Every structure is written in C-alpha cells, then in structure tokens.
1. Mean-square fluctuation check for the chain, GNM, Cα pairs under 10 Å: which of 14, 87, 100 is largest?
2. Of the options 79, 60, 13, report the single residue whose Cα projects farthest towards the positive end of the charge dipole of region 10-115 (beta-carbon charges: Lys, Arg +1; Asp, Glu -1).
3. Can you divide the C-alpha Rg of the chain by 2.2 N^0.38 Å and report the result to two decimal places?
4. Counting only heavy atoms of protein chains, what accessible area per residue, in Å², does the chain have with a probe of 1.4 Å?
5. With charges set only on the Cβ (+1 for Lys and Arg, -1 for Asp and Glu), what does the dipole of the chain come to about its Cα centre, in debye to the nearest 20?
6. With every protein chain in place, what's the accessible area of residue 95 (1.4 Å probe, Å², nearest 10)?
7. Please identify, among 59, 79, 102, the residue showing maximal mean-square fluctuation in a Gaussian network model of the chain using a 10 angstrom Cα cutoff.
8. Counting only protein heavy atoms, what percent of the accessible surface of the chain is carbon or sulfur at a 1.4 Å probe?
Amino acid sequence: QVQLVESGGGLVQPGGSLRLSCATSGSSFSAYAMGWYREAPGKQRELVASIYRGGNTNYADSVKGRFTISRGNAKNTVYLQMNNLKPEDTAVYYCSFFGPGYNYWGQGTQVTVSS
C-alpha cells in the first residue's frame, strides 16, 4: 500500500500564495499520473490539476494562470504552487497518485483564503 503525505496548507490572505507538497512515505513509488483535487464544504471533490509521466499537465479553468503543478526530480513527489489565491479556493486539498488499476490518496490539507 502506498501512503501519500501532504503538507503546505494553511491560512492566507486573498492575493497570497501557498505551495502544497505531496510525497510517498517509505517508498519510491512512481505513478503514471499525479493530481491535486479539492473539496469545499457542500461541494463535490473536483480535479484542480494533474500531471502525467510524460510531463503533460491539465488544469481546471478556475485555476488556469494561477496554479502550477510540478513533479520533483525523484518522481515520487508532486507540488502545487498556488498564486493569487481567492476566497473561493478555500477547500481541503488532496493529492492523488493514479494509473491503470490503482488510485492512492493523501489525507488532505486545509487551505483557507480569508482576510
């Protein structure tokens, strides 16, 4: 079983930045693809950004131009750089390592954007 450990959430003012990190714990598992999802109160979990083994990336329209997903050199780490944060970005953010026949999730990290 692959365990994912997230970090980097917190409270930030509108217009601020945060960087989320997610890495496997105890293994060097390299996934086919990695992604960040978020779940706001009363809303369904949604895909924010994803990155594939070949380097292709996808973003939700609501975060394009503000968020950047990237991988670490060891390929078992994924980051989400979030700039120009807005109150509507407030949610619990989850990382996911997924591929054919598997989908592993992190425990979630809270991001709150408020003045």
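The values are calculated or read from the model by the stated rules, or taken from the named source; none is laboratory data. Everything numeric here is computed off the predicted structure, so don't read it as measured data. Here Cβ is always computed from backbone atoms with ideal geometry, including for glycine, and neighbour counts include all displayed protein chains. These accessible areas exclude ligands, DNA and RNA; they are computed on the full protein's heavy atoms, side chains included. Shrake-Rupley method; radii C 1.70, N 1.55, O 1.52, S 1.80 Å.
1. 100
2. 79
3. On the way: Rg = 13.4 Å, N = 115, 2.2 N^0.38 = 13.4 Å.
Relative to the 2.2 N^0.38 Å estimate, the chain comes out at 1.00.
4. On the way: 6000 Å² over 115 residues.
Computed with neighbouring chains in place, this is 52 Å² per residue.
5. On the way: 10 positive and 6 negative charges, 47 e Å.
Using only the charged Cβ atoms, the result is roughly 220 debye.
6. Around 0 Å² of this residue is reachable by solvent.
7. Among 59, 79, 102, the largest GNM mean-square fluctuation belongs to 102.
8. Working: 2690 of 6000 Å².
Heavy-atom surface of the chain belonging to carbon and sulfur, 1.4 Å probe: 45 percent.
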